[in-house]
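> Please see the structure below; I have some questions.
The values are calculated or read from the model by the stated rules, or taken from the named source; none is laboratory data. Given the structure is predicted, the values throughout are model-derived calculations rather than measurements. Note that each Cβ is placed from the backbone with ideal geometry, even for glycine, and that neighbours are counted across all protein chains shown. The area values use the complete protein model at the heavy-atom level, side chains included, leaving out ligands, DNA and RNA. Shrake-Rupley method; radii C 1.70, N 1.55, O 1.52, S 1.80 Å.
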Amino acid sequence: MDDATHGPLAGFTVGVTAARRADELIALLRRRGATVIHAPALRIVPLADDGELMAATKELVDDPPDAVVATTAIGFRGWIEAADGWGIGEQLLERLRTTELLARGPKVKGAVRAAGLVEAWSPQSESLAEVLDRLLAAGVAGRRIALQLHGEPLPGFVEALRDGGAEVVPVPVYRWMPPEDLAPLDRLLDTIAVGAVDAVSFTSAPAAASLLSRAAERGLREAVLEALRGPVAAACVGPVTALPLQAEGVDTVQPERFRLGPLVQVLCRELPGRARVLPVAGHRLEIRGHAVLVDDGLRPVPPAGMALLAALARRPGWVVSRAELLRALPGAGTDEHAVETAMARLRAALGAPRLIQTVVKRGYRLSLDAGEGEGWSTAAGIR
């Protein structure tokens with residue numbers, strides 16, 4: 001396979017559920033050859049219009065906290081900018097200068113320094129668990145602690161502080177709401193339910209929860225979960241993002257570093273590793289989501305052709321009857337002529353007619369090379 005020519009994700013379809021930084025993720029995927037379906041599972045409430053954030057900010061200005069935990073760089077910057085827009089930016093900065101300011105990791109520390117502030121402490125690990133351990137070790141009983149949120153409620157963190165006797169003031173920067181236009185998300189759910197997408201990417205836990213919630217509203221929850229537990233890979237940017245899916249028995253793939261680039265790299269390894277590879281009529285056949293690599297040539301195949309090829313590849317070298325192939329065709333009805341039409345188009349798309357052999361009065365078979373068997377294929381499953 002010549003990934004330098006086609007890209008490691010060529011022939012695969014990836015769903016993107018992100019709202020924020022979606023363009024960056026989509027560009028990374030397309031650069032590696034993927035076909036992308038963008039369906040934001042959430043929308044972000046504009047900061048300037050967020051009355052809840054304004055109320056929390058004014059409360060902290062009027063009644064300063066003992067400590068503030070800044071969890072994300074973009075969230076902290078957005079908070080300061082929103083306060084400026086409301087005319088209370090300087091007051092907020094003054095309060096932050098006189099409190100214990102904890103920054104979760106180097107990126108957040110950079111945002112704190114850019115605002116003219118100095119953090120009291122920051123872990124190198126970017127781990128909120130480490131921030132929590134430090135707070136609890138120092139004692140939080142009777143202390144008032146503000147927690148800058150970024151779309152996710154962090155219930156375990158808040159509960160641990162409250163159990164320790166702290167008063168916690170959530171600062172809800174960038175709250176998530178359902179998307180105003182549900183049509184793209186509904187189309188993605190339909191695609192997942194029938195296994196016509198190879199992977200779905202998630203960059204926040206609320207997006208994963210929102211997708212499952214919408215699936216339930218449309219009566220597709222079980223079909224979507226079954227697909228995500230099987231042929232459709234669920235790729236999450238980190239362990240927190242994966243929690244709503246793992247709670248439903250969905251195995252997820254995650255990068256070691258919780259960034260978009262490493263997330264794409266995980267997909268570049270995962271999806272080709274799931275592709276079915278067979279030696280057929282002297283060629284190397286690699287069956288991907290909506291295309292086939294014949295030796296080093298990428299051959300796009302229409303959905304009906306992929307359905308036939310998947311059925312043949314389940315039993316390579318064995319004859320598959322026209323009746324069975326007809327059942328594999330989406331919406332084909334009862335006319336076996338539909339199999340012949342789709343087969344002709346499949347052969348034309350593959351560009352190598354001898355890959356599929358017609359067995360008179362019986363059906364069709366993949367022309368598996370002599371002496372080769374199932375053990376040669378590297379595959380996970382075929383849709």
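> Could you say whether any residue in the stretch 238-259 is under 30 Å from LEU312 (Cβ atoms) and modelled with pLDDT under 95? Please lay out each step first, then the result.
Applying the first criterion (under 30 Å from LEU312 (Cβ atoms)) to the stretch 238-259 yields 250-251, 253.
This time we only want the ones that are modelled with pLDDT under 95, so: none.
Within the stretch 238-259, not a single residue is under 30 Å from LEU312 (Cβ atoms) and modelled with pLDDT under 95.
> Yes or no: ILE145 farther than 24 Å from ALA18 by Cβ, touching a residue at least 40 places away in the same chain (Cβ under 8 Å), more than 25 Å from the chain's Cα centre (by Cα) and surrounded by 15 or more Cβ atoms within 10 Å (Cβ to Cβ)?
Numbers: farther than 24 Å from ALA18 by Cβ: yes; touching a residue at least 40 places away in the same chain (Cβ under 8 Å): yes; more than 25 Å from the chain's Cα centre (by Cα): yes; surrounded by 15 or more Cβ atoms within 10 Å (Cβ to Cβ): yes.
The answer is yes for ILE145.
> How do the strands (runs of 3 or more DSSP E) wholly within the stretch 128-205 filter down when requiring 1 or more residues that are of a type in the set (A, V, I, L, M), farther than 28 Å from GLY261 by Cα and at pLDDT 90 or above: which remain?
On the way: elements: 144-150, 167-173, 199-202.
Ranges flagged: 144-150, 167-173.
> Counting only residues that are outside any helix (DSSP H, G or I) and surrounded by fewer than 18 Cβ atoms within 10 Å (Cβ to Cβ), how many does the stretch 250-265 have?
Of the residues in the stretch 250-265, 6 are outside any helix (DSSP H, G or I) and surrounded by fewer than 18 Cβ atoms within 10 Å (Cβ to Cβ).
> Could I ask something else about it? Scanning the stretch 160-217 for residues that are within 19 Å of ALA242 (Cα to Cα) and of a type in the set (Ser, Thr, Tyr), which turns out most open to solvent (accessible area, probe 1.4 Å)?
The qualifying residue most open to solvent (accessible area, probe 1.4 Å) is SER213.
> Restricting the first residue to the stretch 48-62 and requiring it to be touching a residue at least 60 places away in the same chain (Cβ under 8 Å) and of a type in the set (Asp, Glu), which pairs with a second residue that is in a helix (DSSP H, G or I) and surrounded by 11 or more Cβ atoms within 10 Å (Cβ to Cβ) meet a Cβ separation below 9 Å and a spacing of at least six or different chains?
Correct list of pairs: ASP50/ALA82.
> I've got another one for you. In the set LEU9, LEU29, which member is within 30 Å of ARG276 (Cα to Cα), open to solvent by less than 50 Å² (accessible area, probe 1.4 Å) and in a loop (DSSP other than H, G, I, E, B)?
Working: LEU29 fails: in a loop (DSSP other than H, G, I, E, B).
Of LEU9, LEU29, the one residue that is within 30 Å of ARG276 (Cα to Cα), open to solvent by less than 50 Å² (accessible area, probe 1.4 Å) and in a loop (DSSP other than H, G, I, E, B) is LEU9.
> Also, quick follow-up: Are any residues in the stretch 105-127 part of a helix (DSSP H, G or I) and surrounded by fewer than 19 Cβ atoms within 10 Å (Cβ to Cβ), and if so, which ones?
We begin by selecting, within the stretch 105-127, every residue part of a helix (DSSP H, G or I); these are 106-114.
Matches in the stretch 105-127: PRO106, LYS107, GLY110, ARG113, ALA114.
> (1) open to solvent by less than 60 Å² (accessible area, probe 1.4 Å); (2) part of a helix (DSSP H, G or I): which one isn't true of LEU243, the others all being true?
Condition not satisfied by LEU243: (1).
> Check the stretch 95-118 and report whether any residue there is acidic (Asp, Glu) and free of Cβ contacts under 8 Å to residues at least 12 places away in the same chain. If you could, list the steps in order and put the result at the bottom.
Step one: of the stretch 95-118, the residues acidic (Asp, Glu) are 100.
Next, from what is left, pick out any that are free of Cβ contacts under 8 Å to residues at least 12 places away in the same chain: none.
No: the stretch 95-118 contains no residue that is acidic (Asp, Glu) and free of Cβ contacts under 8 Å to residues at least 12 places away in the same chain.
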